[in-house]
Amino acid sequence: MTQQAGKLITVEGIEGVGKTTNLRFMVEWMHNHSQPVLATREPGGTPLADDIRHFLLADHNEIICPDAELLLMFAARAQHLARVILPALHSGKWVICDRFTDASYAYQGAGRGLPMSKIATLETLVQGELRPDLTILLDAPLEVALERIKQRGKLDRFESEEISFFERVRNNYLERASREPHRFRVVSTHQNEEIVQSKIVAILEEFVAVHAN
Ligand code: TMP
């Protein structure tokens, strides 16, 4: 894959950590600072990838085996990269993506128990050298996040998983963050919203200052 001009910012975290609110805040911050930004999400981001998302989140009579789940995540990602992410990066935009391949390591790797090497193989196959430039990991204690999930209406196929699944996912995210401190910024969302947002602003300001063209 060729060198991109824009930068890829991904936002990760388990369900119930406040991803939606904080993502909206990040995109508004970019707009308010006249930064060209494209906001997107995974799985999804194109009509075809959104169909795959719908399929992945829905309940089925047949159990989806972990390999099929992983391949569908990467099929959606390949389409999303080709149609949306790479063109936006090449045109010099900041791309803010709600989840990316760290989610495959956390959910399909740690959550479902697939070997990380399988995920790494698909990562290289689908992305080549492309990796996020910045990953903001939103984190909250498990009980707090799960309580927020419970307050949602109908739960999707992932939200219906047991507590130990989310514990494995969260621990994997935190481990990945500690292994790659140059890329990850961990923000605890178990605090006042203004404090969370001030931390996010500090991260974005520093990142934009270093990377703006
Ligand atoms: P969202 O509802 O937070 O946007 O994410 C949809 C679900 O998809 C969420 O439970 C996490 C899961 N997911 C994976 O399992 N693997 C992946 O690679 C991605 C991107 C998401």
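The values are calculated or read from the model by the stated rules, or taken from the named source; none is laboratory data. No experiment lies behind these values; they were computed from the predicted model shown. A quick note on method: Cβ atoms are made from the backbone with ideal geometry, for glycine too, and the neighbour counts reach across all protein chains shown.
Yes/no per residue for (1) under 14 Å from L70 (Cβ atoms); (2) within 18 Å of the chain's Cα centre (by Cα):
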| site | (1), (2) |
| --- | --- |
| G92 | no, no |
| Y105 | yes, yes |
| P115 | yes, no |
| I119 | yes, yes |
| P132 | no, yes |
| Q151 | no, no |
| D156 | no, yes |
| I163 | no, no |
| N171 | no, yes |
Being modelled with pLDDT of 95 or more, within 27 Å of R24 (Cα to Cα), of a type in the set (D, E) and within 14 Å of the ligand (Cβ to nearest atom): is that true of E42 here? yes
Restricting attention to segment 19-60, report how many residues are part of a loop (DSSP other than H, G, I, E, B) and either of a type in the set (D, E) or more than 15 Å from the chain's Cα centre (by Cα) (or both). 9
Residue match in segment 102-124 (condition: over 23 Å from R168 (Cβ atoms), away from the ligand (no atom under 11 Å from the Cβ) and either out of contact with any Cys (no Cβ under 6 Å at 6 or more places or on another chain) or in a helix (DSSP H, G or I) (or both)): yes
Mind checking which residues of segment 184-213 are closer than 24 Å to S34 by Cα and in a loop (DSSP other than H, G, I, E, B)? A212, N213
Under 8 Å by Cβ, and 6 or more places apart or on different chains, what pairs join a residue from segment 67-89 that is without any contact (Cβ under 8 Å) to a residue 12 or more places away in the chain with one that is within 13 Å of the ligand (Cβ to nearest atom)? none
Yes or no: L142 within 11 Å of the ligand (Cβ to nearest atom) and either buried (at least 19 other Cβ atoms within 10 Å of the Cβ) or at pLDDT 95 or above (or both)? no
Here are D59, D67: which of them is over 21 Å from I9 (Cβ atoms) and at pLDDT 95 or above? D67
In segment 125-167, which residue that is in a helix (DSSP H, G or I) and in contact with a Lys or Arg (Cβ under 9 Å, 6 or more places away or on another chain) is nearest to G6 (Cα to Cα)? Q127
Return the residue satisfying two criteria in turn: it lies in segment 77-101 and is assigned to a helix (DSSP H, G or I) and within 8 Å of the ligand (Cβ to nearest atom), and of such residues it is surrounded by the most Cβ atoms within 10 Å (Cβ to Cβ). R77
